[in-house]
Amino acid sequence: MSELIRAEDLSVRFKARGGATARAVDGVELTVRKGEIVALVGESGCGKTSLARSLLGLVQPAQGVIRFEGEPLPTTAKGLKAYRRQAQLVLQDPTGALNPRHSVYEAVAEGLRIHKVPGDERELVADALSRAGLRPPERYFLAFPHELSGGQRQRVVIAGALALQPKLLIADEPVASLDASVRGEILALLLKLRQDLDLAALVVTHDLGLAWNIADRVAVMYLGRLVEVGPVEEVLTAPKHPYTQALLSVLSETPEEPLAGSSISTGPIVLSGEPPDPTRIPSGCRFHPRCPLVAAGLPEEMERRCRTEDVPILSGGQDTQVACHVAAARQPTS
Amino acid sequence: MSALLELRDLTIDYRSRRGLVPAVRGVNLTLEAGQTLGMAGESGCGKSTLAMSVLRLLPKTAVIGGEVLLDGEDVRTMSWGRLRAVRWAGASVVFQGAMHALNPVLRVGDQLAEPITLHGGAGAKSSSPADVERAVGELLERVGLPRRHAKAYPHELSGGQKQRVMIAMALACGPRLVIADEPTTALDVMVQAQVLKLLAELVSESGIGLMMISHDLSVLAQTCQRLAVMYAGRMVELGPSAQVMHEPAHPYSKALAAAFPTVGDPASRMAPQGLPGDPPDPTNLPGGCPFHPRCPVSTVECESTDVLLRQADPGHQAACIRIEEVAGEPV
Ligand SMILES: Nc1ncnc2c1ncn2[C@@H]1O[C@H](COP(=O)(O)OP(=O)(O)OP(=O)(O)O)[C@@H](O)[C@H]1O
Ligand SMILES: Nc1ncnc2c1ncn2[C@@H]1O[C@H](COP(=O)(O)OP(=O)(O)OP(=O)(O)O)[C@@H](O)[C@H]1O
Ligand code: SF4
Ligand code: SF4
Ligand SMILES: [Mg+2]
Ligand SMILES: [Mg+2]
């Protein structure tokens with residue numbers, strides 16, 4: 001698998017209330033290869049959507065470069081329009097993404113018209129609908145969004161993206177608004193598209209079960225940075241970063257069970273406090289004010305590093321990587 | 001002694017332009033003080049309708065049959081005065097999407113003060129402003145928020161904080177039963193864990209009864225002793241959480257449990273599980289077992305037999321004629 005999209009030292013900043021600067025994305029390196037499904041997880045406000053939008057060229061990075069197939073993203077309006085045909089966005093709420101007055105046919109054909117895709121429009125629409133699991137496609141042509149179930153609507157949105165034959169889907173919480181029974185079907189569809197079309201996907205979610213269900217790799221984000229990246233099997237069954245460990249611990253319904261591969265066996269680690277503020281990123285390791293290891297007491301020298309020394313930025317490559325002084329000290333090789 | 005909450009043959013139909021919409025079709029249920037019960041099922045199966053009926057909060061178009069007993073007293077025939085008292089001090093509801101229902105122009109503390117002033121409670125000695133203010137502060141602390149948040153407007157709080165305020169509101173007058181409708185949907189994992197932990201602590205500290213509604217079985221299993229699964233207005237399974245989650249006796253519960261994978265379980269790795277077919281239309285329910293058009297193990301008999309709850313294990317029931325075979329295999 002070769003590299004499809006790569007973010008290099010990417011930062012996204014917003015002007016927040018009172019003139020402060022919110023460092024929503026604050027130095028991220030991440031690669032998605034052709035045909036690969038990467039899950040981007042982390043709590044609300046950690047910068048997932050900002051990162052996803054910058055990958056699509058929808059927000060201008062304050063710093064860093066995004067390369068698609070090796071080339072930096074175009075900066076002209078025309079260049080960006082061409083790029084967005086290859087990298088498509090699927091949003092959480094299918095109802096909001098569809099125009100209630102447009103039929104399913106029009107919803108899917110719109111993108112084809114905007115990008116002046118050559119070929120028989122009817123055939124292209126039908127093909128995209130049936131790939132998205134709406135079969136026979138003709139039956140849905142004249143239906144309006146309110147006549148469809150939530151899952152069917154999300155399929156229409158996905159069909160609209162597929163019609164343009166993209167190489168990358170960026171899906172922001174694609175199943176969060178769908179019912180349990182529909183969720184699995186949409187996720188299975190993403191897996192099938194990867195298999196049939198070698199479609200890569202970056203799936204933004206705070207659902208770790210979703211990552212387990214479909215992703216090859218997972219990137220865990222905390223306050224604008226990636227804190228742990230690696231193959232799903234490794235990161236989700238033997239998490240090394242205290243934040244990832246906490247996220248996973250609150251999922252288990254049997255609190256007594258220790259997490260495989262971790263030193264923690266004391267039940268769910270419910271981090272107190274709200275997601276931290278990107279206008280005031282703590283010094284040292286940005287997780288230190290909430291870190292359970294610091295709270296439990298670390299050797300003096302290590303605690304000093306946690307409080308004052310920033311953790312090096314992960315390269316976002318294929319091997320498992322952890323942004324934590326303690327984890328790094330345990331594994332001097334990584 | 002009568003149970004804290006008892007539903008007897010509860011039926012609820014909505015009158016609408018499409019005719020009668022049967023939303024709840026014969027539910028029997030008991031909840032004792034200190035017990036926790038989770039209600040699961042997909043969108044439209046009747047969870048919120050059932051919850052609202054407990055406090056007679058349904059719209060006028062709703063036609064209710066059967067009995068809703070709070071401490072043995074039928075909610076359906078209570079006088080308005082009695083009902084108002086019961087709504088705060090007897091039982092209270094944290095509504096679905098309620099965090100959006102906070103009044104945007106009123107400070108959080110003032111919104112919490114209102115029921116305390118009107119109905120007493122939250123340990124307020126009197127309805128004097130100083131006593132009420134102290135009670136509001138204690139209430140906020142009880143749900144893990146600093147007292148100073150009393151001065152905040154809703155838009156200054158995060159989703160998780162607003163949801164805590166809603167829980168504080170429900171607790172204001174010391175109810176004995178709390179019904180929480182999707183209390184953590186739309187919150188992220190860590191905040192969800194905080195809210196669930198809070199609810200669990202409230203139950204164990206004050207012995208209230210808790211009925212929690214969610215479409216996510218795993219969320220319910222974390223907090224509740226028993227789980228009920230609803231499909232098309234009926235309860236199709238009821239039993240201890242761990243059993244319903246890991247050894248479901250009804251094919252629908254099985255599909256629901258499989259939809260939320262256990263991280264680390266090799267069986268669900270790269271294998272998302274869905275349930276084909278559309279959710280049932282309450283105005284046009286199939287005959288026989290209502291799940292039969294989507295059931296992977298249905299037989300000809302299922303198309304004509306109206307299946308009621310039957311025992312799977314002691315304390316564990318399911319409405320399926322193939323209960324033995326289904327219950328035999330784990331998820
Ligand atoms: N347009 C904007 N102006 C100012 N601040 C913004 C803007 N967009 C995002 N932010 C801030 O940047 C941070 C990251 O937001 P982002 O939407 O990327 O988070 P997220 O991880 O997608 O969260 P969620 O899970 O809630 O969707 C937040 O603190 C948010 O308040
Ligand atoms: N006021 C109403 N008039 C007519 N039908 C209604 C009304 N309220 C609800 N219904 C119908 O009753 C059924 C049950 O609705 P209810 O809101 O109880 O479902 P729910 O299980 O809470 O779903 P969700 O998970 O989406 O909240 C649905 O088919 C719904 O369309
Ligand atoms: S570097 Fe220190 S504070 Fe940061 S996650 Fe590791 S142990 Fe915690
Ligand atoms: S009664 Fe028949 S159709 Fe209904 S759940 Fe059981 S096997 Fe399936
Ligand atoms: Mg987001
Ligand atoms: Mg509801």
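The values are calculated or read from the model by the stated rules, or taken from the named source; none is laboratory data. Only a predicted model underlies this, so the values are computations on that prediction, with no experimental measurement involved. Cβ: placed from backbone, ideal geometry, glycine included. Neighbour counts: every protein chain shown. Heavy atoms of the whole protein, side chains included, go into the accessibility calculation; ligands, DNA and RNA do not. Shrake-Rupley method; radii C 1.70, N 1.55, O 1.52, S 1.80 Å.
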* Compute the relative contact order of chain A as a whole-number percentage, counting only Cα pairs closer than 8 Å that sit 6 or more residues apart in sequence. => 21 percent
* **Evaluated over chain B, the Cα radius of gyration and Dmax, each in Å** => 20.7, 69
* **Drop in accessible area of at least 50 Å² in the complex versus isolated chain, residues of region B:180-206, 1.4 Å probe** => B:D188, B:V189, B:M190, B:Q194
* **Accessible surface buried upon B-A contact (total; probe 1.4 Å; Å², nearest 100)** => 3100 Å²
* Asked: Using alpha carbons only, how many degrees (0 to 90, rounded to 10) separate the axis of helix B:159-171 from the longest principal axis of chain B?
  -> 80 degrees
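For region A:130-210, what's the relative contact order in percent, using C-alpha pairs closer than 8 Å and at least 6 residues apart?
34 percent
Keeping all protein chains in place, calculate the accessible area per residue for region A:126-203 (probe 1.4 angstrom), answer in Å².
35 Å²
Just add up the charged neighbours of A:A82: K/R +1, D/E -1, any other residue whose Cβ is under 13 Å from the Cβ of A:A82.
Within the 13 Å Cβ shell, the charges total +4.
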* Structure fact -> Cα-Cα pairs in region B:97-177 separated by more than 19 Å, as a whole percent of all pairs, come to 27 percent
* Structure fact -> Taking protein heavy atoms only, a 1.4 Å probe, and rounding to whole percent, the accessible area of chain A owed to carbon and sulfur comes out at 52 percent
* Structure fact -> If one compares the long axis through the Cα atoms of helix B:189-206 with the longest principal axis of the Cα atoms of chain B, the angle in degrees, nearest 10, works out at 70 degrees
* Asked: What does the charge dipole of region B:159-268 about its Cα centre add up to, to the nearest 20 debye, if the Cβ of each Lys and Arg holds +1 and the Cβ of each Asp and Glu holds -1?
  -> 220 debye
* To do: Name the shape class, rounded, prolate or oblate, that the alpha-carbon gyration tensor gives for region A:6-150, where a ≥ b ≥ c are the square roots of its eigenvalues, rounded holds for a/c under 1.5, and otherwise prolate holds if a/b is larger than b/c and oblate otherwise.
  => prolate
* Scattering from the C-alpha atoms of region B:116-238 alone, worked out with Debye: what is log10 I(q)/I(0) at q = 0.22 1/Å? -> -1.31
* Considering only protein heavy atoms and a 1.4 Å probe, what is the carbon-and-sulfur percentage of the accessible area of chain B? -> 52 percent
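Counting heavy atoms of the protein chains only and a 1.4 Å probe, report the per residue accessible area for region B:60-187 as a whole number of Å².
46 Å²
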* Tally Lys/Arg at +1 and Asp/Glu at -1 over every other residue whose Cβ is under 13 Å from the Cβ of A:S11; what's the total? -> -1
* Please give the helix B:108-119 orientation as an angle from the longest Cα principal axis of chain B, in degrees from 0 to 90, rounded to the nearest 10. => 90 degrees
* Structure fact -> In region A:198-217, accessible area falls by at least 20 Å² from chain alone to full assembly (1.4 Å probe) for A:H206, A:G209, A:W212, A:N213
* Please give the direction-averaged projected area of the C-alpha convex hull for chain A, in square nanometres with one decimal. => 18.4 nm²
* Structure fact -> What helix-only [θ] at 222 nm does chain B give? Using -39500 (n - 2.57) per DSSP H run of at least 4, over all residues, to the nearest 500, the answer is -8500 deg cm²/dmol
* Report P(r) for the protein assembly as shown: all Cα-Cα distances, bin width 10 Å, range 0 to the bin holding the largest distance, values in whole percent. => 3, 14, 23, 25, 20, 11, 3, 0
